[in-house]
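Trainee: The structure that follows is given in the form of structure tokens.
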Amino acid sequence: MRLRLYRHHKVLRALLLFAFALTCVVCAGHVEPVLGNTDGVTSIFRPLAQPAQEIKELSVLVLAICGSIFVVVAGLLVYAIVRFRHRAGDELSEPPQVYGSNQIELAWTILPLLIVFVLILVTSRTIADIQNRKPPPTAVQATVIGHQWWWEIRYPELGIVTANELHVPASDGRGSRPTFLKLQSADVAHSFWVPLLSGKTDLIPNRENLMWIEPTKPGTYRGNCAEYCGTQHARMLIRVVVHPPDEFARWVNEQQQPAATETSAPEGRKVFFANSCVNCHTIGGTSAQGKFGPDLTHLMSRETLASGAALNTADSLRLWVRDPQKLKVGCLMPNMQLTDEEVDQVVAYLQTLK
Ligand code: CUA
């Protein structure tokens, strides 16, 4: 009796473990929306660009092959467990003893070899397809640099520097216009992952990794850092904004403009330049040329603050400038100990950076 109970526990435990593993697999494909949920949950199961589509097709094939093997093996196992379970009186007789079979042994050696060979072939073909793609002359080139905990984005050929929101053109009927990314890190290892567009690629210090994306559908695609990189790893979100070609040209033109020289917030400007803000941030065309934090030249053109930790509204900007640790614990931007008045003035100045 005790033996049977013990067996039940084992079965129950195995079932629970299986359910847990299944939940993990399903959840692993999803990045929950954090803010400004415009296009729902991002999922690896419904990619909207190359190379994510190619990767998904391969994954489905591999899953189908491995799933069939699982069904066959588990089926035989269940059959053996039920058909040959312990029965009263079994102690008295010995089961038939089998000493090998050349046919069966050959079959279960050659068949798996063939299956593994097929898997190697299709996988290496997909990897080669993706890695050997050469940038066409129309390609957009961008460099993405991972920082704790934000993304620096540079377009060396266009002379644009921005942060956390990568803008790219969509490929459409008029031609293919992929974006080729150089991935670097300023500190620790990070990983660039926008599930609907591509697989993950790491950003590693002292090394440059390459990847490309070719979306065809305009919209905002969310992703995040997929390599644990410290306290705020979870709030190292990235947005890829895919524009129709003419809209992309407009965005490029806007970003190439020098910083606004509006005089509507002279006090805030004074506070900004009198404090160490300038040591970390760049504002194009001014003496602020810091490289440690995000470039603020066109701060107000971004949808979010602090790498997606908050939407870019006056309220969160105020909260952020007053005490960045409140919004993003552990972040490397210090509390500048500004008075409430100074905070309002700085925010008014930042809001002129369109
Ligand atoms: Cu950067 Cu995790």
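The values are calculated or read from the model by the stated rules, or taken from the named source; none is laboratory data. Only a predicted model underlies this, so the values are computations on that prediction, with no experimental measurement involved. In this analysis, Cβ positions are derived from the backbone assuming ideal geometry, glycine residues included, and neighbour counts consider all displayed protein chains. Quick note on the areas: whole protein, heavy atoms, side chains included, nothing else; ligands and nucleic acids left out. Shrake-Rupley method; radii C 1.70, N 1.55, O 1.52, S 1.80 Å.
Trainee: Pairs under 7 Å by beta carbon, first residue under 17 Å from residue 304 (Cα atoms) in region 229-251, partner open to solvent by 60 Å² or more (accessible area, probe 1.4 Å), six or more apart or different chains?
Mentor: 237/34; 239/303; 242/217; 242/218
Trainee: Has region 293-310 got at least one residue that is farther than 20 Å from residue 239 by Cβ and not β-branched (Val, Ile, Thr)? So that I can check it myself, show each step before the final result.
Mentor: Looking only at region 293-310, we keep the residues that are farther than 20 Å from residue 239 by Cβ, and these are none.
No, region 293-310 contains no residue that is farther than 20 Å from residue 239 by Cβ and not β-branched (Val, Ile, Thr).
Trainee: How many residues does region 252-279 hold that are open to solvent by less than 40 Å² (accessible area, probe 1.4 Å) and either at pLDDT 90 or above or closer than 23 Å to residue 140 by Cα (or both)? I'd like the intermediate steps shown before the answer.
Mentor: Filtering region 252-279 down to residues open to solvent by less than 40 Å² (accessible area, probe 1.4 Å) leaves 252, 255, 259-260, 265, 268, 271-272, 277-278.
Imposing the further condition that a residue be either at pLDDT 90 or above or closer than 23 Å to residue 140 by Cα (or both) reduces the set to 252, 255.
Result for region 252-279: 2.
Trainee: Can you report the number of residues in region 307-317 which are surrounded by fewer than 17 Cβ atoms within 10 Å (Cβ to Cβ) and touching a residue at least 12 places away in the same chain (Cβ under 8 Å)?
Mentor: Residues that pass the stated criteria total 2.
Trainee: Still on this structure, I have one more. Which of (1) basic (Lys, Arg); (2) part of a strand (DSSP E or B); (3) within 16 Å of the ligand (Cβ to nearest atom); (4) open to solvent by 30 Å² or more (accessible area, probe 1.4 Å) is the odd one out, the single condition residue 222 does not satisfy?
Mentor: Condition (4) is where residue 222 drops out.
Trainee: Restricting to region 274-295, name every residue that is closer than 21 Å to residue 330 by Cα and aliphatic (A, V, I, L, M).
Mentor: Listed by number, the list holds a single entry, 278.
Trainee: Just checking, does region 250-266 include any residue being touching an Asp or Glu at 6+ places or on another chain (Cβ under 9 Å) and over 21 Å from residue 127 (Cα atoms)?
Mentor: Step one: list which residues in region 250-266 are touching an Asp or Glu at 6+ places or on another chain (Cβ under 9 Å), which gives none.
No, there is no match, as no residue in region 250-266 is touching an Asp or Glu at 6+ places or on another chain (Cβ under 9 Å) and over 21 Å from residue 127 (Cα atoms).
Trainee: Then there is this: In the list 217, 182, which residue meets the criterion of being part of a strand (DSSP E or B) and either within 16 Å of the ligand (Cβ to nearest atom) or surrounded by fewer than 17 Cβ atoms within 10 Å (Cβ to Cβ) (or both)?
Mentor: On the way: 217 fails: part of a strand (DSSP E or B).
Going through 217, 182 in turn, just one is part of a strand (DSSP E or B) and either within 16 Å of the ligand (Cβ to nearest atom) or surrounded by fewer than 17 Cβ atoms within 10 Å (Cβ to Cβ) (or both): 182.
Trainee: What's the number of the only condition in (1) open to solvent by less than 50 Å² (accessible area, probe 1.4 Å); (2) outside any loop (DSSP other than H, G, I, E, B); (3) out of contact with any Asp or Glu (no Cβ under 8 Å at 6 or more places or on another chain) that residue 345 fails to meet?
Mentor: Here residue 345 meets the rest and fails (3).
Trainee: Considering only residues of region 270-304 that are over 32 Å from the mean Cα position of the chain (by Cα) and of a type in the set (A, V, I, L, M, F, W, C), which is farthest from residue 187 (Cα to Cα)?
Mentor: 271
Trainee: Scan region 225-251 residue by residue and report those that are more than 9 Å from the ligand (Cβ to nearest atom), open to solvent by less than 40 Å² (accessible area, probe 1.4 Å) and aliphatic (A, V, I, L, M).
Mentor: 237, 238, 240, 241, 242
Trainee: Only residues that are of a type in the set (S, T, N, Q) and within 20 Å of residue 242 (Cβ to Cβ): list them for region 205-227, please.
Mentor: Answer for region 205-227, where residues must be of a type in the set (S, T, N, Q) and within 20 Å of residue 242 (Cβ to Cβ): 216, 220, 224.
Trainee: Just give me the residues in region 122-173 being part of a loop (DSSP other than H, G, I, E, B) and either within 16 Å of the ligand (Cβ to nearest atom) or open to solvent by less than 40 Å² (accessible area, probe 1.4 Å) (or both), in sequence order.
Mentor: 136, 139, 148, 149, 164, 170, 171
Trainee: Of everything in region 323-333, what is touching a helix residue (DSSP H, G or I) at 6+ places or on another chain (Cβ under 8 Å) and free of Cβ contacts under 8 Å to residues at least 40 places away in the same chain? Give them in sequence order. It would help to see each step written out before you state the result.
Mentor: Within region 323-333, the subset touching a helix residue (DSSP H, G or I) at 6+ places or on another chain (Cβ under 8 Å) is 324, 326-328, 331, 333.
Those that are touching a helix residue (DSSP H, G or I) at 6+ places or on another chain (Cβ under 8 Å) and free of Cβ contacts under 8 Å to residues at least 40 places away in the same chain: 324, 326, 327.
Trainee: Would you pick out the residues in region 30-57 that are on the phi < 0 side of the Ramachandran plot and modelled with pLDDT under 60? Can you show your working first?
Mentor: Taking region 30-57 first, the residues on the phi < 0 side of the Ramachandran plot are 30-35, 37-39, 41-57.
Selection gives 30, 31, 32, 33, 34, 35, 37, 38, 39.
Trainee: Moving on to the next point. Is there any pair with a first residue in region 287-306 that is surrounded by fewer than 16 Cβ atoms within 10 Å (Cβ to Cβ) and a second that is of a type in the set (Gly, Ala, Ser) whose Cβ atoms are under 7 Å apart and which are 6 or more apart or on different chains, and what are they?
Mentor: Filtered contacts from region 287-306: 303/36.
Trainee: Let me ask something additional. Of the residues that sit in region 190-214 and are in contact with a Cys (Cβ under 8 Å, 6 or more places away or on another chain) and open to solvent by less than 20 Å² (accessible area, probe 1.4 Å), which one is farthest from residue 330 (Cα to Cα)?
Mentor: 192
Trainee: Are there any pairs with C-beta distances below 8 angstrom linking a residue in region 187-209 that is free of Cβ contacts under 8 Å to residues at least 60 places away in the same chain to a residue that is in a loop (DSSP other than H, G, I, E, B) and among the β-branched types (Val, Ile, Thr), with the two at least 6 apart or on different chains, and if so which?
Mentor: 189/204; 205/188
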